1. Regarding residue B:322, is this residue within 14 Å of chain A (Cβ to nearest Cβ) and either open to solvent by 20 Å² or more (accessible area, probe 1.4 Å) or within 20 Å of the chain's Cα centre (by Cα) (or both)?
2. Out of all the residues in the range A:7-21, which are surrounded by fewer than 19 Cβ atoms within 10 Å (Cβ to Cβ) and either modelled with pLDDT under 95 or in a helix (DSSP H, G or I) (or both)?
3. Being open to solvent by 30 Å² or more (accessible area, probe 1.4 Å) and away from chain A (no Cβ under 14 Å): is that true of residue B:176 here?
4. Within the range B:284-313, can you find the residues that are open to solvent by 10 Å² or more (accessible area, probe 1.4 Å) and over 20 Å from residue A:48 (Cα atoms)?
5. Look at the range A:31-72 and say how many of its residues are surrounded by fewer than 16 Cβ atoms within 10 Å (Cβ to Cβ), assigned to a loop (DSSP other than H, G, I, E, B), more than 10 Å from chain B (Cβ to nearest Cβ) and not charged (D, E, K, R).
6. Quick check on the range B:88-107. Is at least one of its residues open to solvent by less than 50 Å² (accessible area, probe 1.4 Å), touching a residue at least 24 places away in the same chain (Cβ under 8 Å) and either of a type in the set (Asp, Glu) or within 14 Å of chain A (Cβ to nearest Cβ) (or both)?
7. So, in the range B:207-237, how many residues would count as being closer than 25 Å to residue A:50 by Cα, of a type in the set (Asp, Glu) and facing chain A (nearest Cβ under 10 Å)?
8. Looking at B:23, B:42, B:29, B:8, which one is open to solvent by less than 30 Å² (accessible area, probe 1.4 Å) and of a type in the set (Val, Ile, Thr)?
Amino acid sequence: MLIIIDQNDSRPIYLQIADEIRFLIARGELPENTPLPAVRQLAGDLGVNLNTVATAYRELQNEGLLAIKHGAGAVVVSRTTLEKDEISLRKPLRSALANMFLAGLSWAEIMNLVVDEMRGLLRETR
Amino acid sequence: MADIILLTIIFLLQLLLFYFLPTLDGQQTLFGIVLKNDDFQTYGLPILRRYRRDLFIVAVASVCGLLLIGKLSPNSLIVAYIFVTLGIIVPLFRYLPQTWKLRDKSTVSRLATPLKPRHLRDFTNFWFELAVIALAIAPLAVLMFYYPNLPDIVPIHWNAAGEADGWAKKGFSSVFFLPVLAAFLQIFWIILKQDIIKARFRVPAEQAERILSLKEISLQANVEMVDWCRLACGVLLGTVALLVLSTIAPPSVAAALNIFTWVNLVLMLSGIAFFLYRMILVNREVKALTGQITFQTADEMEGWTDGLFYYNQKDAAFMVEKPGGVGYTINFAHKRAFLYLALIGLPIIFSIFSLILMKFQ
């Protein structure tokens with residue numbers, strides 16, 4: 001149940017935190033009613049600003065995945081997001097596929113990567 | 001004579017500890033600080049030699065001083081001993097900042113932490129807490145029960161041999177000073193325990209799972225050490241508080257309490273040593289696995305002025321791992337630092353106040 005942050009990554013930290021939590025929820029490692037650490041605890045542990053963690057939690061709350069408990073962290077409330085807009089779901093996928101193609105991977109290699117990632121995600125889910 | 005010998009033995013043990021202290025955390029470390037490979041041979045070893053030379057000077061001066069004071073003014077022996085202990089720590093404060101300048105400045109950029117909330121209640125055992133409360137109330141109850149039977153003058157100070165050498169008029173300050181101090185201390189220990197549990201807890205992204213289990217062992221040992229101190233302090237202060245009854249108790253009870261106090265002190269120090277040993281073992285293994293002991297970001301590194309003192313306004317964490325040595329220290333830029341100022345200041349003010357009251361009652 002580890003969350004990993006990379007300060008050298010181009011993505012902003014709050015996005016990394018949100019993505020990591022979403023991934024853990026998707027994998028089933030954070031089932032419903034799991035409490036998440038307080039903003040202060042997570043910010044101190046990762047060495048980031050309090051607002052960074054607060055923003056990540058808020059974004060996930062807006063998506064319907066978390067419920068922020070005032071001053072006491074957050075709780076996973078659902079494993080389904082509120083909005084399921086296909087266009088916004090396709091965009092990161094399109095971008096990732098384009099990157100892999102530009103990196104010189106063949107379609108077969110790309111398929112293997114995709115299937116492997118899916119397996120990784122579904123491994124612990126029902 | 002017995003007290004001088006006892007104190008000298010304890011002193012020599014302390015000296016031994018401080019002699020080996022710099023190299024406890026393993027290869028290429030000095031005072032727990034990780035040095036760059038070449039620097040340890042070229043600069044680290046000379047510092048180590050100078051440190052141990054200073055310790056030797058302190059040792060010789062201290063033994064001479066203790067023997068002298070033992071002969072001339074035996075009552076001041078304990079006070080002299082406190083100065084001696086402070087003297088042993090001075091070389092550490094002198095050479096640790098020098099070592100800090102030689103540190104391996106590598107920082108981590110990929111960090112991991114478990115997404116699990118850490119609460120005081122997860123480290124709290126109901127029966128243990130009950131025992132600590134009982135140990136706090138018992139001496140208080142006994143003192144209140146026997147208070148009417150106490151003579152007008154009660155003993156409040158004993159020399160190392162257990163003979164009373166200081167008296168005061170019977171009153172709230174003289175009889176109940178120690179139980180009240182004990183209660184203060186318990187509050188302090190619990191706040192400290194809570195802060196250690198909430199202290200910054202992280203591992204590098206590489207070998208995260210392995211380092212995580214090691215750091216968890218270290219945290220557990222640290223918390224257990226605090227609980228051990230709570231128990232030992234409670235018993236120690238409770239026993240000494242009961243010594244005030246030694247004038248109306250049979251001599252065997254007074255003697256037993258005296259011996260029990262020394263045994264308790266030894267047990268307390270042994271327990272602390274045991275837990276510190278566990279934490280040092282974890283440090284050694286983390287060092288062997290990753291080449292570092294603590295994992296700091298570049299921003300956090302700036303907050304350490306000399307390896308001893310952490311001041312970082314941008315840091316959300318209050319308690320952080322020391323980059324040199326074992327355990328935690330506080331972020332003095334954090335608002336909570338004021339609480340600790342009060343926690344340390346209040347018992348001191350209370351003690352001085354009570355001692356004054358005892359003298360003038």
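1. The answer is no for residue B:322.
2. Here is the first cut: in the range A:7-21, the residues surrounded by fewer than 19 Cβ atoms within 10 Å (Cβ to Cβ) are A:7-12, A:15, A:19-20.
Those that are surrounded by fewer than 19 Cβ atoms within 10 Å (Cβ to Cβ) and either modelled with pLDDT under 95 or in a helix (DSSP H, G or I) (or both): A:7, A:8, A:9, A:10, A:11, A:15, A:19, A:20.
3. no
4. Residues satisfying the conditions are B:284, B:285, B:287, B:288, B:289, B:290, B:291, B:292, B:305, B:306, B:308, B:309.
5. Within the range A:31-72, residues that are surrounded by fewer than 16 Cβ atoms within 10 Å (Cβ to Cβ), assigned to a loop (DSSP other than H, G, I, E, B), more than 10 Å from chain B (Cβ to nearest Cβ) and not charged (D, E, K, R) number 5.
6. yes
7. Adding up the residues that qualify gives 0.
8. On inspection, the qualifying residue turns out to be B:29.
The values are calculated or read from the model by the stated rules, or taken from the named source; none is laboratory data. As the structure is a prediction and not an experimental result, all values here were calculated from the model. When we count neighbours, we look across all protein chains shown, and the Cβ atoms used for this are built from the backbone with ideal geometry, even at glycine. Heads up: the accessible areas ignore ligands, DNA and RNA and are worked out on the full protein's heavy atoms, side chains in. Shrake-Rupley method; radii C 1.70, N 1.55, O 1.52, S 1.80 Å.
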